[in-house]
1. How much length would be gained if the chain were fully extended between residue 83 and residue 48, taking 0.36 nm per residue of separation minus their Cα-Cα distance, in nm to one decimal?
2. In whole Å, how far is the Cα centre of region 54-87 from that of region 122-155?
3. So for 74, 60, fewest C-beta neighbours within 10 Å to most, what's the order?
4. When the label point is put 7 Å from the Cα of residue 150 along its Cα-to-beta-carbon vector, which residues of region 28-56 have a backbone N closer than 12 Å?
5. Using the basic label-point model (7 angstrom from Cα toward the beta carbon), what is the residue 40 to residue 160 distance in nanometres?
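Derivation of every value follows stated rules applied to the coordinates shown; laboratory data play no part. As the structure is a prediction and not an experimental result, all values here were calculated from the model. Using ideal geometry, Cβ is built from the backbone for each residue, glycine included, and neighbour counts are taken over all protein chains shown.
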């Protein structure tokens, strides 16, 4: 779906997790210079970010995809380690690259190195590694977060916590398309 961040900072993703119904997530990220100003502004509105959670993401691409090519039609994988838990995700962009609409399937992996080796054996190659600390607050069905990305700095964002997509909005069950 995206290497580190979507080109425009916006992602719309249909997410399928083992044993759960599909949901539609929308996420927007920004780059800021001073996260303290943001934290104070949120606190003034009664919104407190939680404790930092470390995330270590390794992204992978199919061997037939190279940087610079459109991402639609190719599958991308991610291994995320968070608090000794390893999540394996496959993302397949389904709309134009700027919309960053993708089908995403996520499952827990018992062994990160074993999953890495399996991805290599299936013809994937590592692309980018993102190590970050995420602080999150929840407001209704939305989440607000600040990712402090190693080597890049803070990126606040907002997203849905997963809602059922309406029919006709660019997901497999609908007839519509996603528009910018």
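1. So the chain would gain 10.5 nm between residue 83 and residue 48.
2. Cα centroid to Cα centroid, the span is 13 Å.
3. Going from sparsest to densest Cβ surroundings: 74, 60.
4. Inside the label zone: 54-56.
5. 3.5 nm
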